[in-house]
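What follows is a single structure, written as structure tokens, with notes after it.
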Amino acid sequence: QVQLVESGGGLVQAGGSLRLSCAASGSIFRLITMGWYRQAPGKQRDLVANITNIGHTNYADSVKGRFTISRDNAKNTLYLQMNSLKPEDTAVYYCNANLGGRQCWGQGTQVAVSS
């Protein structure tokens, strides 16, 4: 089991930046694919970006060129740098650990972007 705790959300104006962090427990962090998902009110939870244990990344088309996912395996921490934020980026952002047949989720952190 992996426990995940997100931080870094908040309210920002359009065009601004935020950096989300996800602190993970357990020694397997460095071995697994990690990701960020988001869920806006009344919508499904969608993938924002993920990163494999060796640093290969994948992004949703809507955030390419604006968001950067990274990880620090020595600190068991996942990051999401979000630049040029838009009102449509408003959502609860969740950290995800892909354990193969099982998914672990954090509690989520709210990001609100005002126009």
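The values are calculated or read from the model by the stated rules, or taken from the named source; none is laboratory data. Predicted, not measured: the structure shown is a model, and the values here were computed from it. Glycine also receives a Cβ, built like all others from the backbone with ideal geometry; neighbour counts cover every protein chain displayed. SASA here: full protein model, heavy atoms, side chains in, ligands and nucleic acids out. Shrake-Rupley method; radii C 1.70, N 1.55, O 1.52, S 1.80 Å.
Counting only residues that are out of contact with any Leu (no Cβ under 8 Å at 6 or more places or on another chain), in a loop (DSSP other than H, G, I, E, B) and of a type in the set (G, A, S), which one in region 73-114 is nearest to L4 (Cα to Cα)? Once the filter is applied, the top-ranked residue is G108. Is it the case that region 91-109 has a residue that's within 14 Å of G8 (Cα to Cα), open to solvent by less than 70 Å² (accessible area, probe 1.4 Å) and more than 11 Å from the chain's Cα centre (by Cα)? Checked region 91-109: at least one residue is within 14 Å of G8 (Cα to Cα), open to solvent by less than 70 Å² (accessible area, probe 1.4 Å) and more than 11 Å from the chain's Cα centre (by Cα). The set of residues in region 35-76 that are in contact with a Lys or Arg (Cβ under 7 Å, 6 or more places away or on another chain) and either open to solvent by less than 30 Å² (accessible area, probe 1.4 Å) or among the aliphatic types (A, V, I, L, M) (or both) comprises V48, I51. What do you reckon, is R38 under 15 Å from Y79 (Cα atoms), basic (K, R) and in a strand (DSSP E or B)? In short, yes.
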